[in-house]
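The values are calculated or read from the model by the stated rules, or taken from the named source; none is laboratory data. All values reported here derive from a predicted model rather than from experimental measurement. Note that each Cβ is placed from the backbone with ideal geometry, even for glycine, and that neighbours are counted across all protein chains shown.
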Amino acid sequence: MNVADMLLSYFREKQKQTQKEKVSDTQCPFCSVQCRMQLVEQTSVTRKTYRTVGLDNPTSKGRLCIKGLHAHQHAFHKDRLTQPLMKRNGEFVPVSWDKALSYIAEQIQRIQKEDGKNAMSVYGSASITNEEAYLMGKFARVGLETKYIDYNGRLCMSAAASAGALTFGMDRGLTNKLDEISYSECIILAGTNIAECQPTIMPYFEQAKENGAFIIAIDPRETATTKVADLHLKLKPGTDAALANGILKIIVDENLTDQVFIQKRANGFEEVREHLAGLSLSEIEEKTGVALKDIRRAAISFGKKATGMILTARGVEQQTDGSIAVRNFLNILIATGKIGKPGSGYGAITGQSNGQGAREHGQKTDQLPGYRSIENEEHRAHVAKVWGVEPDRLPRKGVSAFEMIQKMDQGEIKGLFLLCSNPIVSNPNARFVKKALSKLKFLVAVDLFVSETAKLADVILPTTSYLEDEGTMTNLEGRVTLREASKSALGEARHDWQIICDVANALGKEQYFSYSCAEDIFNELRQASKGGTADYYGITYERLRGKEGILWPCPTLDHPGTGRLFEQSFAHPDGRAEMTVVPNEPAIQKEKPCDEYPLYLTTGRVMAHYLTGVQTRKSSSLSARHFESFMEIHPETAKNLGISDQTLVQITSRRGSIIVRSRWSTQIRTDTVFVPFHWDESQNVNRLVEDKLDPTCRMPGFKVSAVQVEALDNVR
Ligand SMILES: Nc1nc2c(c(=O)[nH]1)N[C@H]1C(S)=C(S)[C@@H](COP(=O)(O)OP(=O)(O)OC[C@H]3O[C@@H](n4cnc5c(=O)[nH]c(N)nc54)[C@H](O)[C@@H]3O)O[C@H]1N2
Ligand SMILES: Nc1nc2c(c(=O)[nH]1)N[C@H]1C(S)=C(S)[C@@H](COP(=O)(O)OP(=O)(O)OC[C@H]3O[C@@H](n4cnc5c(=O)[nH]c(N)nc54)[C@H](O)[C@@H]3O)O[C@H]1N2
Ligand code: SF4
Ligand SMILES: [Mo]
């Protein structure tokens, strides 16, 4: 070794000695798979670097996608809020917690004195822990005594949740563990883009394919997910209910139903059969734009296989008939007896990190913890006892998320406590939403950053990220896991659960909101959910710590949790599933293309960004993949409209217009354009989207609007 090499090796050795490595176990903050991972923090004399490594677990088995790998970038971003901010003369200024909290209490008391208790409202989220979701419900009912609470899951899981509750009597995203996908013989993927949205569970489908499964995808676009399918039904947006009628009609006509199962376990089959007899398959072909031979192939394949699963996501669900469209897919499962046994079942692929748990414990306007009903006297009494209040004191049900915004516009709701959501970017008809929120007398936003909605707030409270906050999350399988904190809070930021308690206590409600840690809250949640549909009583931090998680229901401390649902009976009082008649046409009409607005607009996601993009647009590695929005358009359609590839276009609907860049793609239908919703302001696609709601679950129809598109040079 020469002198230079010796010196180099000496310095390398020295550097190694001074480098410190800190490893912490955590869970990805983004989607519903809740991949477990380790953050490795390396500190040397000159710099600090981070890297993320997957950790083995029964759901994602150590895999991570690009978002999980870079999640820490937003958590360490310089724009993270570290102090409460109050608006003075239109500008945000940092203030102490004491000042912020006493101002908030004063404003809430003033509004409630002038306009009544229900003039305050609460808007929550499914990206928070179970403990926090539970506290949000308690905060509205006991802290503020208002009936107006709802959450962003209304825009996400409400159609599938109501369909599951109506058909099965119970709503848990997946009725089976993910492992069962790999040995199911036929899988229908309806309006779900798993390859971009839950990428780390794709191997289950790849394995199923290797094992010989027949996979059917239903989507107006070819995506990385439809590529694994043997048959792709490229339907017209918004026509899933009719398509499912076509599949079901052929199954019934070809005698592929399981009559023994139907007789023993379901109600309503005869009515469904009669309804189907009156439908015309050629009309369904025309309506859906899917060739009858393909509908037939799907029906026969699904009907003939011994096992099968149907998975739906927002493509089917974010429609003005989302709830009943999902119920039609459940009709197919029940008619063929493919539920409650190995390799057969349903899955509503949940979305946000806690898309499942946050919809079970009282954030919904008509709900109390454990999936109890706020209108049921026994349920009210149970929860009131746990909370130490009189049942009569609990408010009744209010209205859904978007309807709360309508009430802000009408002046009935005057104040809002917003936690972990960015409704101006995520709700339909965004310009209306911004106008409605601007009318509020008082808005508090709890966030990591100043989102487009937080900009309108009077006070912004800084919260902690997934690395700093501890709590339980329930993943897409219904598996409850514990995410422990790996870092201390940034600056003066506080945990969401602390902030909720701080505000309640500033209102004089200490008696009901005194907890010393997240586990205290969880122990109360266990009692509140005990005996309910979503029973968490048997789950404890001790049972979760460092383990694989437990699937609910778990009613006792020695209960192992429930992998497969509905093996013996469904959750309705008579133990039977409820089939229902589903019309081809929705009760609430969707916009149809016309001379002025000739194209369907559908919306969704790309792998690198998350929801309204507040977090992922802060990450340099993720934003580099898509630094701006785009519009996917078929080249044939583009040529007719004089739109070149990669040029700016203006898209206009009856509600507004946005400017994005064109992207030619033969993968989309010629009558449809697609725009993701991860950008705000003039790229916010929700400025275009219609705001009609599903009559059953109040889900907005995000997936169908009518638009016109023009090259920007042609826009006057
Ligand atoms: N990368 C990424 N992953 C995410 C998220 C994210 O923002 N980014 N968000 C998470 C959340 S909260 C959610 S809810 C899930 C959403 O997960 P998905 O529901 O899978 O995602 P989307 O892209 O909204 O829609 C899925 C597919 O529906 C199709 N589609 C559009 N219109 C129709 C229609 O009328 N019928 C049918 N059958 N299909 C249609 C779209 O073309 C799209 O491919 O993803 C979660 N994971
Ligand atoms: N056009 C169209 N619109 C859609 C959809 C669609 O497919 N198309 N999908 C809908 C769906 S499925 C969903 S889920 C909604 C979601 O839409 P939103 O509810 O708006 O969700 P996010 O964009 O995640 O907003 C979360 C906000 O909370 C902040 N935040 C992140 N983590 C935390 C935390 O731990 N605590 C607190 N207090 N704040 C935090 C983030 O910085 C961000 O500002 O959008 C819906 N909107
Ligand atoms: S975004 Fe979803 S799939 Fe990707 S790492 Fe995070 S939890 Fe896993
Ligand atoms: Mo979602």
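In the set (1) under 29 Å from Ser705 (Cβ atoms); (2) more than 16 Å from ligand 4 (Cβ to nearest atom); (3) in contact with an Asp or Glu (Cβ under 6 Å, 6 or more places away or on another chain), the condition left unmet by Val425 is number (2).
In segment 660-677, which residues are farther than 19 Å from Cys594 by Cβ, surrounded by 15 or more Cβ atoms within 10 Å (Cβ to Cβ) and not aromatic (Phe, Trp, Tyr)? Val660, Arg661, Ser662, Arg663, Ser665, Gln667, Ile668, Val675, Pro676, listed by residue number.
Among the numbered criteria (1) in a loop (DSSP other than H, G, I, E, B); (2) at pLDDT 95 or above, which one does Ser486 miss? The single condition Ser486 does not satisfy is (2). Within segment 343-359, at least one residue is more than 16 Å from ligand 4 (Cβ to nearest atom) and in a loop (DSSP other than H, G, I, E, B).
Here the strands (runs of 3 or more DSSP E) wholly within segment 650-714 that include at least 2 residues being touching a residue at least 60 places away in the same chain (Cβ under 8 Å) are 672-676, 705-711.
Filtering segment 403-449 to residues that are of a type in the set (Asp, Glu) and touching a residue at least 40 places away in the same chain (Cβ under 8 Å) leaves Glu403, Glu412, Asp447. Against the definition (farther than 29 Å from Arg526 by Cα, in a loop (DSSP other than H, G, I, E, B), not assigned by TED's automatic domain parsing to the domain that holds His626 and not β-branched (Val, Ile, Thr)), how does Arg51 come out, yes or no? No; evaluated as a whole, the condition is false for this residue. Where helices (runs of 4 or more DSSP H) fall entirely within segment 222-333, those with at least 3 residues that are within 16 Å of ligand 2 (Cβ to nearest atom) are at 314-317. Within segment 27-64, take every residue that is among the hydrophobic types (A, V, I, L, M, F, W, C) and farther than 19 Å from Thr481 by Cα and give me the one that is modelled with the lowest pLDDT. Restricting to residues being among the hydrophobic types (A, V, I, L, M, F, W, C) and farther than 19 Å from Thr481 by Cα, the top hit is Val45.
Can you find a residue that is in a loop (DSSP other than H, G, I, E, B), small (Gly, Ala, Ser), buried (at least 18 other Cβ atoms within 10 Å of the Cβ) and touching a residue at least 40 places away in the same chain (Cβ under 8 Å) anywhere in segment 609-616? Scanning segment 609-616, I find at least one residue that is in a loop (DSSP other than H, G, I, E, B), small (Gly, Ala, Ser), buried (at least 18 other Cβ atoms within 10 Å of the Cβ) and touching a residue at least 40 places away in the same chain (Cβ under 8 Å), so the answer is yes.
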